[in-house]
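The values are calculated or read from the model by the stated rules, or taken from the named source; none is laboratory data. In this text the structure is predicted, and so the values were computed from the model without any measurement. Ideal geometry is used to build each Cβ from the backbone, glycine not excepted, and the neighbour counts take in all protein chains shown. Accessible surface is based on the protein model in full, side chains and every heavy atom, while ligands, DNA and RNA are left aside. Shrake-Rupley method; radii C 1.70, N 1.55, O 1.52, S 1.80 Å.
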Amino acid sequence: MSLFDISFKIKIRQHYLLFLNTTIFMTHFKLKKNQIIILFLFVSQIAVSQNKVLFVIDKTTNFPIENAVVFSSDSNQGTFTNSEGKASINVKSGTVKISKLGFDDSVVEVEKAIKLDTLFLTPQAVQLDELVIKSFNLNKALQYVLDNFKDLYVHTPFEKECNFKETVVVDDQLKRLILTKVNWWDKTYERKKNNTLKLRLGAIDYNKNIPLNIFTDVPRINENKSVYLTPNSLINTLYFNSYLFSFLRSSKNMTGSVEESPLDQIIVSFESEWENTEEVLSRLKGRIVFDKKTKAVLEFINTIEYKNNLKVKTVKENGKESVSETKTASWRLLFYKTEDNLFALKAFDSTIEMTITYDNKIHPCEYKNSIYVLKEMTVNKVNDDGLMDLSKPIYQNLPSQTIANVNSILLNKAENDFINSNK
């Protein structure tokens, strides 16, 4: 007997049981004909709606694809794959679209997606455009984006339903994991002095903190959970025009080289010279993906590398020195094209890598904040109920109400193990 025959018989049995249970319910409560029809349609609708876990794989390498966008046309909501290529999304009908820069989009009917566990994306064909190589000027291209920002990026009032995720890793072990819903509203996606940005915290999926175990002999410091970025510190990098303005000011000695790119994109890697500021060395390195037709930025990845970026403190309880050294600070902004042919922010990452030396031990640390846009709507005005205090860390902003049911980013195995451990 084939798997199709088994699946077909199971479905027939499910429909028969549904009919039988409905008939018993009808007989017991003596429902009228129109009530029966409504009841049957309601039960049937519940039966077909389900949460589906999908694995997204590179068709060429068979490696999982991280940060691929999985979008349901029926609910107009999306989610992202985790580091294992896994995503969970609620589906009823219509199609599921999987997309990732550098790969061909894949659109699958929900009926097919429900049967499948794994979906494959094919890498886009790439080539080197000799004309682009000869004429491309990185700073000029970025200045064009800044000068034409309103023509390229969404500038109408919006509300984004997002996942906010924060992780802290010390000595290769998770010490903090926060995953929560956040609603982000503003009149325009353009940073101004009088911005009307509003953030509302929603349901918290996970919130776990354990001691960093660096200052183990000083409980006051070791138990302190105050090492957080505040929303205020992220805002200037969330708004691309503000971030781009700062980047252009600091990228005077920049060289860019065009990489092999898909036909509709121009991918440029860049690297600046080392600069010395008060004995701290720094340089910029990164990668930018341009839309070839509109010249808009689709993805912006920038890393600042540091040498000798040290901060020395003395612990008052025991007089010991603590030395923190920032190694790198990285940002990634990802955009997508809307139905109006404008671009909107889809995802944002901010990562700091550093070491803390204390009591003759070096502790490597990584602090990461991510924002994933799950759903976006045009909303002209929102009320002020439950707004976050942007000067406080996320964990100090308690949720006042649950945001509309949207898909959440799945945790990977290491993150699940951390949440489920007794530490």
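The single residue among E299, E275 that is among the acidic types (D, E) and farther than 26 Å from G102 by Cβ turns out to be E275. Each residue in the stretch 219-234 was checked for being at pLDDT below 80 and open to solvent by 50 Å² or more (accessible area, probe 1.4 Å), and 8 of them qualify. Among the numbered conditions (1) open to solvent by less than 80 Å² (accessible area, probe 1.4 Å); (2) within 27 Å of I356 (Cβ to Cβ); (3) of a type outside the set (D, E, K, R); (4) part of a strand (DSSP E or B), the only one that T237 does not meet is (4). Taking the criterion of being closer than 22 Å to K346 by Cα and either at pLDDT below 90 or part of a loop (DSSP other than H, G, I, E, B) (or both), would at least one residue in the stretch 275-286 satisfy it? For the stretch 275-286, residues closer than 22 Å to K346 by Cα and either at pLDDT below 90 or part of a loop (DSSP other than H, G, I, E, B) (or both): absent.
The lone criterion from (1) under 30 Å from T156 (Cα atoms); (2) of a type in the set (D, E); (3) open to solvent by 20 Å² or more (accessible area, probe 1.4 Å) left unmet by D349 is number (3).
Given the structure, is V323 aliphatic (A, V, I, L, M) and either open to solvent by less than 20 Å² (accessible area, probe 1.4 Å) or touching an Asp or Glu at 6+ places or on another chain (Cβ under 7 Å) (or both)? Judged against the criteria, V323 is not a match.
Identify, please: which residue in the stretch 184-218 is open to solvent by 70 Å² or more (accessible area, probe 1.4 Å) and at pLDDT 85 or above and is, among those, farthest from C365 (Cα to Cα)? The selected residue is K187. Residues in the stretch 260-283 include at least one that is touching a residue at least 60 places away in the same chain (Cβ under 8 Å), surrounded by 15 or more Cβ atoms within 10 Å (Cβ to Cβ) and over 14 Å from A141 (Cβ atoms).
Mind checking which strands (runs of 3 or more DSSP E) fall wholly inside the stretch 306-423 and carry at least 1 residues that are modelled with pLDDT under 95 and touching a Phe, Trp or Tyr at 6+ places or on another chain (Cβ under 7 Å)?
Values: elements: 310-314, 321-337, 343-358, 361-377.
Correct list: 321-337, 343-358, 361-377.
Do we find a residue being touching a helix residue (DSSP H, G or I) at 6+ places or on another chain (Cβ under 6 Å) and over 26 Å from S99 (Cβ atoms) anywhere in the stretch 185-195? Don't jump to the end; show me each part of the working.
Step one: filter the stretch 185-195 for residues touching a helix residue (DSSP H, G or I) at 6+ places or on another chain (Cβ under 6 Å), giving 190-191.
From what's left, over 26 Å from S99 (Cβ atoms): 191.
So far as the stretch 185-195 goes, yes, one or more of its residues are touching a helix residue (DSSP H, G or I) at 6+ places or on another chain (Cβ under 6 Å) and over 26 Å from S99 (Cβ atoms).
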